[in-house]
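Heads up: the structure comes next, in structure tokens.
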Amino acid sequence: SPDVEFCGYCITHPSESKINFRIQTRGPLPAVEPFRKGLSDLMGVCQHVLNTFE
């Protein structure tokens, strides 16, 4: 997204089911909006992969 300046993640520890995300936006856009859009896009890609291999 052109509104996102930086996006990254880290996994705190392999034994923990926890991921930290950092999203830095340009301007007043709240980070939750591009985060939700990214998750939605990822779900679409995963669904496409599942459909391809069925």
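For every residue, the table says whether it meets (1) in contact (Cβ under 8 Å) with a residue 24 or more places away in the chain; (2) loosely packed, with under 10 Cβ neighbours inside 10 Å; (3) among the β-branched types (Val, Ile, Thr).
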residue: 8; (1), (2), (3): no, yes, no
residue: 13; (1), (2), (3): no, yes, no
residue: 16; (1), (2), (3): no, yes, no
residue: 21; (1), (2), (3): no, no, no
residue: 25; (1), (2), (3): no, no, yes
residue: 28; (1), (2), (3): no, yes, no
residue: 35; (1), (2), (3): no, no, no
residue: 46; (1), (2), (3): no, no, no
residue: 51; (1), (2), (3): no, yes, no
Residue list for the stretch 25-49, filter: in a loop (DSSP other than H, G, I, E, B) and farther than 17 Å from residue 8 by Cβ: 27, 28, 29, 30
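None of the figures in this text is laboratory data; all of them are computed from the coordinates on show. None of these values were measured; they are calculated from a predicted model. No Cβ is skipped: glycine too gets one built from the backbone with ideal geometry, and neighbour counts run over all protein chains shown.
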